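Down below is the structure, laid out as structure tokens.
The values are calculated or read from the model by the stated rules, or taken from the named source; none is laboratory data. What you are looking at is a predicted structure, and each value in this text was computed from that prediction instead of being measured. As a convention, Cβ positions derive from the backbone with ideal geometry for all residues, glycine included, and neighbour counts pool all protein chains shown.
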Amino acid sequence: MLLRRGGSFILPLFLLAGLRCQKSSSSISWQPETQPPYLLDSIKVRLYPLVAGAHAAKDSIRSYRWELWMSVGETLYFGLSRPARSLYPHRREAVVGRAILRDTGFTLYEELFWTYRFHKDTIRALTQSLFQAWRKGISLDTFQTDFIAFPDPYSFYDVHARKWRRIVGKDTIDYVSQLVSPV
């Protein structure tokens with residue numbers, strides 16, 4: 001299975017390794033289709049404003065699609081994809097995160113990573129494989145250049161503000177000053 005990002009073709013080995021997410025012996029469901037539709041719809045309505053963020057004004061909640069669903073205790077691990085703004089047709093990008101739902105909102109909402117834009121037929125397998133790698137403790141930096149858009153080395157997800165923030169440090173300031181200073 002070849003994935004195209006930009007002008008290069010990538011053959012991800014971890015997709016070929018058979019890391020397709022299925023029901024495991026601990027009866028954890030990876031596939032959203034195993035959940036009742038009313039439950040999926042009600043949780044999507046609650047997650048949509050947070051996942052969509054600034055895109056909410058341009059997107060439709062119907063354009064968001066479940067790619068990953070896993071409930072461990074009270075924590076829901078989710079993956080939602082949305083149509084990507086791309087020159088290539090049928091591209092989607094996914095937001096993977098975790099949440100603890102309550103009647104009045106969320107006790108916890110955290111975005112773990114965003115993927116780059118991939119073809120709609122491959123985004124589910126890619127999302128589930130990246131999530132499984134994250135669960136095994138593999139650093140997301142390993143997949144940064146080809147698969148993961150956020151977090152990058154200069155950003156992190158602020159759980160309290162519920163948004164991505166930039167890390168500003170001496171190395172960032174030095175880099176920006178090199179870009180701005182005349183040669």
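Of everything in segment 38-80 that's charged (D, E, K, R) and in contact with a Leu (Cβ under 9 Å, 6 or more places away or on another chain), which residue is nearest to L126 (Cα to Cα)? Write out each step before concluding.
Step one: filter segment 38-80 for residues charged (D, E, K, R), giving 41, 44, 46, 58-59, 62, 65, 67, 74.
Next cut, in contact with a Leu (Cβ under 9 Å, 6 or more places away or on another chain) only: 44, 46, 65, 67, 74.
Values: K44: 21, R46: 24, R65: 14, E67: 9, E74: 25 Å.
Among those that are charged (D, E, K, R) and in contact with a Leu (Cβ under 9 Å, 6 or more places away or on another chain), it is E67.
Output yes when any residue across segment 75-91 is of a type in the set (S, T, N, Q), in a strand (DSSP E or B) and surrounded by fewer than 20 Cβ atoms within 10 Å (Cβ to Cβ), and no when none is. Steps first, answer last, please.
Taking segment 75-91 and keeping what is of a type in the set (S, T, N, Q), we get 75, 81, 86.
Now narrow it down to the ones that are in a strand (DSSP E or B): 75, 81.
Add one more test, that the residue is surrounded by fewer than 20 Cβ atoms within 10 Å (Cβ to Cβ), and what stays is 75.
Scanning segment 75-91, I find at least one residue that is of a type in the set (S, T, N, Q), in a strand (DSSP E or B) and surrounded by fewer than 20 Cβ atoms within 10 Å (Cβ to Cβ), so the answer is yes.
Cβ-Cβ distance below 9 Å, separation of 6 or more or different chains: which pairs start in segment 154-181 with a residue that is of a type outside the set (G, A, S) and end on one that is at pLDDT 80 or above and surrounded by fewer than 11 Cβ atoms within 10 Å (Cβ to Cβ)?
Y154/R166; F156/R166; T172/R166
In segment 36-92, what residues are in contact with a strand residue (DSSP E or B) (Cβ under 9 Å, 6 or more places away or on another chain) and of a type in the set (D, E, K, R)?
Scanning segment 36-92 gives K44, R46, D59, R65, E67, E74, R82, R85, R91, R92.
Could you check, for segment 33-49, whether at least one of its residues is modelled with pLDDT of 85 or more and within 24 Å of A133 (Cα to Cα)?
The answer is yes; a qualifying residue exists.
For segment 120-145, which positions are crowded, with 19+ Cβ neighbours inside 10 Å and either in contact (Cβ under 8 Å) with a residue 24 or more places away in the chain or part of a loop (DSSP other than H, G, I, E, B) (or both)? Before the answer, list the steps.
Start the filter on segment 120-145 by keeping residues that are crowded, with 19+ Cβ neighbours inside 10 Å, which leaves 123-131, 143.
I123, R124, A125, L126, T127, Q128, S129, L130, F131, listed by residue number.
Taking the conditions exactly as written (crowded, with 19+ Cβ neighbours inside 10 Å and under 25 Å from T142 (Cβ atoms)), does T115 satisfy them or not? Break it down into steps so the answer makes sense when it comes.
Values: crowded, with 19+ Cβ neighbours inside 10 Å: yes; under 25 Å from T142 (Cβ atoms): yes.
Considered against the rule, which asks whether it is crowded, with 19+ Cβ neighbours inside 10 Å and under 25 Å from T142 (Cβ atoms), T115 comes out as yes.
So that you can scan it fast, the table gives a plain yes or no per residue for (1) closer than 26 Å to I100 by Cα; (2) at pLDDT 80 or above; (3) in a helix (DSSP H, G or I); (4) under 12 Å from the mean Cα position of the chain (by Cα):
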residue	(1), (2), (3), (4)
E110	yes, yes, no, yes
R165	yes, yes, no, no
D174	no, no, yes, no
P182	no, no, no, no
